[in-house]
Amino acid sequence: MGVVCVFACPVPEGKSGQQVVDGLQKQVEMMGATKSGNFLVDCETYQSNPQNVTQTPQQCVVNILHNSEHPASCFSVTESGQILVSDLLFEDLMSKLTMAKAGRESFYSQRKGFKIESRGQRYEVGDFIIKIGSVSLASNFRGILIEVEYCPCVILNECWNMMKELLQSMVGNSAETPPPVLKHKPDTVYTPSDTILQYLDHFNNFRKAVSAPPPSR
Amino acid sequence: MDPSMVQQTFKAAPLTTEFFLQGSVMENSLETLVNRLKGLCDNADYQQESFQDHEMVFHIKNTSVPTPLVFRVRHSLVQTECWSLRYLGHAEVGDKNRPTLVRSYIDCPTSENVAQFIGELGFRMDHEFVVKGFYFHKGRMKITVSKFYKMNQPGNTTNDTIETVCPSYLVELSVVTSSGQEAVGDDMKNFAEQLKPLVTLEKTDHRKIQLAQT
Amino acid sequence: MAAPYSQFSPSPTPVNVCVEAVLESQIQEVRVVEKPDAPDGHEIQEVYVPPLSMSENLTKLAQKIDFYKDESDEKGKPTSEGEKEEEEKTGAAFQPSLWPWDSVRTKLRTSLTEMSVLLDILNVSSSKEKRYMVLDPVQQNAPDPKLAVQLMSKRRALQSAASVLQSGAERLRKSHAEINNKNDFHLELLNVRQKWRLKKTGTSILGDLSYRSVGSRYMHNGVFEVVKSSDLTAEGEFLAQRGSLDVVVPTELEGGAYIQVEVKSVPGNCITDTMDLTGAILRVPSGIGPVRSETYWQQKLEKAQNVLFCKEIFAQLAREAVQSKASIPHLVVGNQIITNVFPGIQLSIVLCHSTGKEREKKLPQYKMDHNHVLEHSLHQLLRENHFKNINFPAPHPVTALVGLTKKRRLAGPNALSRKQLMDMSDSESMLDQIIKQTKHNVLRLRTMQTIDGIAATLSDPQLTVHWSCCNSSTEASCRVIITSQGYDLRVWHSFVIIIGVDSLKVIIKEGRVFFLSFEEKELQDFIMWQVSQHQISVSQNLARLMGWQIMSTSTAMGVSDLESSGTASSLILAAPNKERILAIKSGPSSGIKVFLQQSQKDNKNRVILPDDKWQSVGADYQQVDLSKFEGRNFASKLELLLATFSHDLSSSSS
């Protein structure tokens, strides 16, 4: 486990998402990267039914994410950024919360049409792992996320410049500064939770952009 | 390997049903019982395993129905990095032929911020306590002999701030497995027979206890 | 026995009282001798102390003299004699009234008093009331005039005691025999019960010799039955020698068994040609033959248990061999598993089991190449398996699932990566582990032989090898040191070989790492290459010492004939006076060659550049015949060569 940076790759006008993905894959393969399977990061969102949860008057939102890189883990993030890393069994516990039983309404319910995921090819090149994922919200294409992991290092500041070079060649100037989620911890040890927070950040952005017309395909 | 397949292998067959029997012994007969268990169980040759856990019971309440949904946070005081979030269903007594109590049981290992996390979900802590005792296993059967302590200072689990609730030990024989494996119950019944008359493990109807208290 | 002077005798006229010794020798011991014709089967003999000689008697008597008393008597004497002398001198004037026998009278009276006291004491002590006085025997007063009588009484007492003991022994023997006949079975059953798990089902007593209670999952139930051997005596051949308990083990567990592990080298790569497919060859060494029928039950059960264990090992291996998806499939034929370890090397694992009945039939004098280490490893591996089957780490908190390791429990919260999880779930099969160990075993042996072979044949330079004592069943290491005799402290070359499962890792002095395959030729070539480089470093070192200038050196010379393996290294040296140049080439296969180039002063062809400094340019190299040099090895020859050319201009050689 090294340092991971996730950036969105802009889809230029007049190009479909698939074209951009193909172009990026070709570019990565030109670097000498080898394919090493697929990857998937998915996210589901639950919200509380405020009339049922007496202790919290306002609505609570919890996002449950999975990352194929950590197949035994389930990441749950609340709105405040509190992240719980747990066994996959947490979903069963969540289902207890969403279950209506014995005349009682459920405490939480799943938000419809909010399932978002990034799925694509995983590449390895030297010490780097590159993942090119196309994001789909409720099975509609929304954009492209590029994840770059530098394995030998766990401190962002130590390797940011090197990662920047690689990232800029792929996503352009948006990779000028480290991802906003990581800004507050440039010198601490990187954890898998940080990856999840980056993805969640991007996913939320994509969801906000839903109201705008989807980019041309 | 396909990521979804890897996920599948680690998710395979959720063990969410607990078959269990309960009983209790007084403090002074503990040693006899422990010696008997040492002789019967698999880890007999080694130093017996003891445990110390801290349990926090969280409730989430609903306006429509007064009975809350209960989640339990357990934290090992021996391996302090181990936390878990646990859900216990209602114990079903079933008919006479069924040898054990059955309840649904979800025990999910989590990171250490679980108490704050479920606090944000709307849970409130109801009570907390410390459990100390011994652990044995025979095949997949788990036997715990545990004593409960109440905590005088909230959140403080050190030995000088806790005191025993009562002088007896709770003895639990349990198997957590996937639902429908009723055959396990017979094994447990046989094992419980072997512990008589040191301790009588039986189907304790929890609702009756609750009724008796009120 | 004889007191020379009576204590009471008056001093002026001593009366000699002589007491004769009893004319009977003392008894030293009493022996009971078996004698068939005697009335009660034995006779009692007395052994006498030989009578004392005169001198011995004298010393003994001398010990009895109470010197203190004598002294006081002596003291008394002079005073009384002095008195007498005074009496004689002064006459009867002073004490005329004194009766002449007065002293005798006094003495007699005191003696009388003493005698009566003595009599009283004796009366008191011999009376029935023992509480007033007890007489302790005095060691020195051994002589007893009534020795004969005492001995007789002792003898009688001993005889009666002996008869009591004998009758008691007889009774015990009788009762013991009774027990033997009736209750021994239960005693032995108790013994069996202490060592084996028994239970009573119906009328039969069944025991369990399986390894299930320690974690085995082998399907054989391993049940034996405990029977009274008297039940079997009807069949005739069983005899009382064996006790009254017998165990009946299942027929398939009878006899002796062991796992024979053999590493065979098969010429050629074709497996099926040479493979021993006959399967069930029984090669049972006499040591573990079948259990003799009179063997005690413990031994019988232990052997049966061993058979069961061997069968479990074999069954496990066979199952894994069939299931494994190796590129070259493992062969399971009858009671034999054959796998290919390296090309041309096979591992054969045979379950040898003799039930004892066909024992005499087949005993071909096979050349046994049984590998005890690997056999032991197999036993160890199965026991480890058993251990893992029932020993789970304890769950913490205690509500967690049973049977998960701590690492697995924390896999979710710690967000382990895919690879970490895969590593965790992979468990090596027993067969794979034993193949690994075999590979290492073969490889280590090969490496050892290769190095030893080279070390034995190579005389210049020398090879020494140090094997590390820290090794495991799949890794070992050694250090090889190359030295030239006589120059060992000056230059030495060393490298470390780490022997893994199927490859070697070599780390040379400067830290470069080489990976070699299992083929011994590669190691041979590598060592020869190192040897050739060693020669160059020796040369370099000597040259520096003698003031020669190193002009160029190369470990991989690009010119000249190709070496069969590795590369030749070269060294070019210039003499201190710059008039000669030596070129040394050392190749792993071509050996070491030295060439000399010297300036030719009389080079008539050089008309264009007559200046001296161009003399040596373009001159020919001539090979130096090193065999004509004195010296034990190349280093000493080269030293001589360098020394010769260092200063002397006129001399030339070759």
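Data table
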read-out	value
Set B:LYS189/C:LYS406; C:LYS388/C:LYS436; B:LYS189/C:LYS199 screened for pairs whose C-alpha atoms are more than 24 Å apart	B:LYS189/C:LYS406
Helical mean residue ellipticity (222 nm; -39500 (n - 2.57) per DSSP H run of 4+; nearest 500) of chain B	-6500 deg cm²/dmol
Using a Förster distance of 25 Å, the FRET efficiency for C:GLN623-C:ASP452 (Cβ separation, nearest 0.05)	0.15
For the stretch A:16-30 versus the stretch C:525-597, the gap between their alpha-carbon centres in whole angstrom	55 Å
Nitroxide proxy distance, nm - points 7 Å out along Cα→Cβ at C:ARG319 and B:ARG124	5.6 nm
Least to most buried among C:ILE550, A:ILE64, B:ILE60 (fewest other Cβ within 10 Å first)	C:ILE550, A:ILE64, B:ILE60
Longest to shortest principal axis, alpha-carbon extents of the stretch C:433-517, angstrom	46, 27, 23
Per-residue average of Cβ from other chains inside 10 Å of B:76-83	5
For the stretch C:192-224 versus the stretch C:371-417, the gap between their alpha-carbon centres in whole angstrom	26 Å
Cα-based Kirkwood hydrodynamic radius, chain A, one decimal, Å	18.4 Å
Shielding by other protein chains, B:118-128, mean Cβ within 10 Å	5
CD proxy at 222 nm, helix term only [per DSSP H run n ≥ 4: -39500 (n - 2.57); per residue of chain A; nearest 500]	-8500 deg cm²/dmol
Ascending count of other beta-carbon atoms within 10 Å, so fewest first, for A:ARG111, C:ARG105, A:ARG122	C:ARG105, A:ARG111, A:ARG122
Peptides C:49-55, A:115-121 ordered by average Cβ neighbours within 10 Å, highest first	A:115-121, C:49-55
Rg in Å to one decimal, and Dmax rounded to a whole Å, for the stretch B:34-75 via C-alpha atoms	18.6, 54
Full-stretch length increase - C:THR555, C:ALA62 - with 0.36 nm per residue and alpha-carbon distance subtracted	167.1 nm
Number of partner chain Cβ atoms within 10 Å, mean per residue of A:22-29	0
Sorted by Cβ density within 10 Å, fewest first, the residues A:ASP194, A:ASP22	A:ASP22, A:ASP194
Charge dipole magnitude, Cβ of K and R +1, D and E -1 - the stretch B:16-197, Cα centre, debye nearest 20	340 debye
Length added when fully stretched, C:ALA157-C:GLN420, from 0.36 nm per residue minus Cα-Cα	85.7 nm
Fully extended contour minus Cα-Cα distance, from C:VAL33 to C:SER565, at 0.36 nm per residue	182.4 nm
Modelled FRET efficiency - R0 25 Å, A:LYS15 with A:VAL210, Cβ distances, 0.05 increments	0.75
Too-long pairs where the Cα-Cα distance tops 22 Å, listed order kept, from C:LYS311/C:LYS407; C:LYS325/C:LYS439; B:LYS142/C:LYS195; A:LYS96/B:LYS96; A:LYS26/A:LYS131; C:LYS509/C:LYS628	C:LYS311/C:LYS407; B:LYS142/C:LYS195; A:LYS96/B:LYS96; C:LYS509/C:LYS628
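Laboratory data are not the source of any read-out in this text; all were calculated from the coordinates shown. Nothing here was measured: the structure is a model prediction, and the numbers come from that model. Neighbour counts run over all protein chains shown; Cβ positions are idealised from the backbone, glycine included.
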